[in-house]
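*Asks:* This structure is in structure tokens; I'll ask about it shortly.
Every read-out reported here was derived from the displayed coordinates using simple, explicitly stated rules and does not represent laboratory data. Small disclaimer: the values here were computed from a predicted structure and weren't measured. Counting neighbours? That spans all protein chains shown, and the Cβs are built from the backbone with ideal geometry, glycine included.
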Amino acid sequence: MSARVRLRPTMQSDLAFVLSLERDPDNLPYITPWERIQHEAAIRFPDFRHFIIETGPDLEAGGFLILIGCRNPHQSIELKRMVVRDKHLGYGRAALRVVKKIAFDDLGAHRFWLDIKKRNTRAKGLYESEGFAYEGELREAVKVPDGFDSLVVMSMLAPEFTDRRRQARELTA
Ligand SMILES: CC(C)(COP(=O)(O)OP(=O)(O)OC[C@H]1O[C@@H](n2cnc3c(N)ncnc32)[C@H](O)[C@@H]1OP(=O)(O)O)[C@@H](O)C(=O)NCCC(=O)NCCS
């Protein structure tokens, strides 16, 4: 059975939690933390959606994710960032399934895409197994402590999502 998660809009009062997760040494190698003011803008700006991932039996704040391009005329929406606190419990996969449904069903995405650092094999494995296709790489695009890492771009298109739903691999409409 998949882990239980729920997404709700992030509030100002959640930002201390969000900032602490971003700065957690477990997550820092994989993301570029934002300033508080960037998160505040992402909460308010209509092109963005900022969600808290509620996890566990009591559905407490257990992570967050950010979408960009929700009003994009090209219907190309980016999963900018997803972080969960308690890893390997299936929360990341469950949240990804919910956010795919939001992107395609509610926000009308034609393309849902993301980039990840190449060294982030855990996230890459998750996105691949959830149907995201490898598009290519931005070579050595980000600085890391031991040099540069490349960004891997992955995406899913609306017809692919529909196919997966037909195969019962996505949440129902
Ligand atoms: C990436 C992240 C969101 C995944 O969430 P999670 O709850 O830990 O992941 P899940 O428990 O749902 O596992 C998802 C899949 O990841 C893959 N995975 C997990 N650990 C892995 C590892 N060490 N190596 C390779 N793949 C791994 C597996 O495919 C796993 O699926 P399975 O165990 O069901 O076969 C989470 O680890 C995280 O917050 N990481 C730090 C931030 C980050 O890298 N975000 C993504 C880029 S913005």
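*Asks:* With a ≥ b ≥ c the root eigenvalues of the C-alpha gyration tensor of the range 80-129, is it rounded (a/c under 1.5), prolate (a/b larger than b/c) or oblate?
*Replies:* Oblate, since a/c reaches 1.5 and b/c is not below a/b.
*Asks:* Here's another thing I want to ask about it. Would you mind calculating the relative contact order of the chain from Cα pairs under 8 angstrom and at least 6 residues apart, reporting the percent as a whole number?
*Replies:* Result for the chain is 18 percent.
*Asks:* Student exercise: in the chain, how many lysine pairs 8 or more apart or on different chains have Cα atoms under 24 Å apart?
*Replies:* Total qualifying Lys-Lys pairs in the chain comes to 18.
*Asks:* Beyond 22 Å, what share of the Cα-Cα pairs of the range 60-145 is found? Please give it as a whole percent.
*Replies:* The answer is 29 percent, as a whole percent.
*Asks:* With viscosity set to 0.890 mPa s and temperature to 25 °C, compute the Stokes-Einstein D of the range 5-166, Rh being the Kirkwood radius across alpha carbon pairs; µm²/s, no decimals.
*Replies:* Translational D for this selection: 152 µm²/s.
*Asks:* Could I have the simple spin-label model distance between residue 126 and residue 26, label points 7 Å from Cα toward Cβ, reported in nm to one decimal?
*Replies:* For residue 126 paired with residue 26, the spin-label model returns 1.1 nm.
*Asks:* Run the dipole for the chain about the Cα centre, Lys and Arg Cβ at +1, Asp and Glu Cβ at -1, nothing else charged, and hand back the magnitude in debye, nearest 20.
*Replies:* That gives a dipole near 320 debye.
*Asks:* Now a separate question. Just from its helices, what would the mean residue ellipticity at 222 nm be for the chain, if runs of 4 or more DSSP H residues each count -39500 (n - 2.57) and the sum is divided by every residue, rounded to the nearest 500 deg cm²/dmol?
*Replies:* Rounded to the nearest 500, it is -8000 deg cm²/dmol.
*Asks:* Please report how far the C-alpha centroid of the range 9-73 lies from that of the range 76-101, rounded to the nearest whole angstrom.
*Replies:* Comparing the Cα centres of the range 9-73 and the range 76-101, I get a distance of 11 Å.
*Asks:* Shifting gears a bit: Taking 7 Å along the Cα-to-C-beta vector as the label spot, tell me the residue 166-residue 105 distance in nanometres, rounded to one decimal.
*Replies:* With each label placed 7 Å out from Cα toward Cβ, I get 1.9 nm.
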